[in-house]
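Engineer: Starting off with a structure, shown below.
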Amino acid sequence: MLRIIQKEIEELIKMAVVEAPIDLSKFTSLVLEKILPKVKDQLGLEFDKVKVYPGPQPRESSDILLYKNGRIIEKINQKTCISGNLEATVRKLKKSLKYGENGLIVTFANFYRKEEISSRMIIFYIPRKIIINADVYTITETLMKKITEKAMKENYEECYVLAFDEALAIWRTYQVLKAVEKAAHAEEMAKKAYEEAKKANKKIKELSEKLDTYVKLILSKLEKSTS
């Protein structure tokens, strides 16, 4: 019986991994307004409009409202894993879940293989019945299993859930490294262009000297023929 329940939990919890770069320095729940429409198929959601409330919302409202044909079709309680502790985040979701809400957890993780590191933003959609009926440990283990399976599927050797500030620091470091890389590339291209220009100038000078010698030779022959 436990196996059947566990299988149902794994099937009902959906995960979306955002691989495109995200400006974490500006991250708030509002980012989800842009992201959710792009990953709704991965999360098993169907809607044509999403409204996100990053702060306190009306009592009858929720963190996220999904609309279809102008009507609210789903209310979602959203939690961001700030500390990197998924279990604590799941516990908060359970305690704050209001009537009629499903759950959404946003977390960050690093995938590792050899010297390569890939930082990901991960979104979990958790149906209400799972949040209410499954214990915190089971839900957390399922989330970690899904992250690990995703990493292994892409041939990564390890994966770790990050605290928000760690994810932010890594993203900022990535931005700096990209800027340095871009600057280094620009400098290299400038050096190459300079060398090419020098080569071109040298060739032009050689051609000019040859042309000058040739013209002098022609003029010399003309002078001799007319004398």
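Every read-out reported here was derived from the displayed coordinates using simple, explicitly stated rules and does not represent laboratory data. What you see is a predicted model, and the numbers here were worked out from it, not measured in a lab. Counting neighbours? That spans all protein chains shown, and the Cβs are built from the backbone with ideal geometry, glycine included.
Engineer: Among 152-158, 44-50, what's the highest-first ranking by average C-beta atoms within 10 angstrom per residue? Display every interim value, and only then the final one.
Structural biologist: Working: 152-158: 11.9, 44-50: 15.3.
Final packing ranking: 44-50, 152-158.
Engineer: I'd like the Kirkwood hydrodynamic radius of the stretch 111-156, using the inverse of the mean 1/r over distinct C-alpha pairs, in Å. Don't skip to the end; give the middle numbers.
Structural biologist: Details: mean 1/r = 0.0822 Å⁻¹.
Across the stretch 111-156, the inverse of the average 1/r is 12.2 Å.
Engineer: Relative to the present Cα-Cα distance, how much length would full extension add between Ser83 and Tyr67 at 0.36 nm per residue of separation? Intermediate values should be presented prior to the final figure.
Structural biologist: Numbers: separation 16, 0.36 × 16 = 5.76 nm, distance 3.10 nm.
Here the answer is 2.7 nm.
Engineer: Let me ask something else. Which value, to two decimals, describes the C-alpha radius of gyration of the stretch 29-150 once divided by 2.2 N^0.38 Å? Each step should come with its number before you reach the end.
Structural biologist: Working: Rg = 14.8 Å, N = 122, 2.2 N^0.38 = 13.7 Å.
Compactness ratio reported: 1.08.
Engineer: Rounded to the nearest 0.05, what FRET efficiency is calculated for Tyr160 and Asp41 with R0 set to 25 Å and r the Cβ-Cβ distance? Don't skip to the answer; put the middle values down first.
Structural biologist: Details: r = 27 Å, r/R0 = 1.09.
That gives a FRET efficiency of 0.40.
Engineer: How much length is gained on full extension from Lys129 to Tyr53, taking 0.36 nm per residue of separation minus their Cα-Cα distance? Walk me through the numbers on the way to the answer.
Structural biologist: Numbers: separation 76, 0.36 × 76 = 27.36 nm, distance 2.32 nm.
This chain segment gains 25.0 nm when fully extended.
Engineer: Taking 7 Å along the Cα-to-C-beta vector as the label spot, tell me the Tyr99-Glu10 distance in nanometres, rounded to one decimal.
Structural biologist: About 3.6 nm separates the two model spin labels.
Engineer: In nm, what is the difference between 0.36 nm times the number of residues separating Tyr112 and Thr148 and their Cα-Cα distance?
Structural biologist: Between Tyr112 and Thr148, full extension yields 11.8 nm more.
Engineer: Sum up the charges of everything whose Cβ sits under 14 Å from the Cβ of Arg71, counting Lys and Arg as +1 and Asp and Glu as -1, but leave Arg71 out. The partial results should precede the final answer.
Structural biologist: Values: positive: Lys49, Lys51, Lys68, Lys75; negative: Glu46, Asp48, Glu74.
For residues surrounding Arg71, the net value is +1.
Engineer: So which of Lys95/Lys150; Lys94/Lys150; Lys14/Lys145 end up more than 19 Å apart, counting from Cα to Cα? Before the final figure, lay out the partial values.
Structural biologist: Details: Lys95/Lys150 28 Å; Lys94/Lys150 25 Å; Lys14/Lys145 12 Å.
Check vs 19 Å cut-off fails for Lys95/Lys150; Lys94/Lys150.
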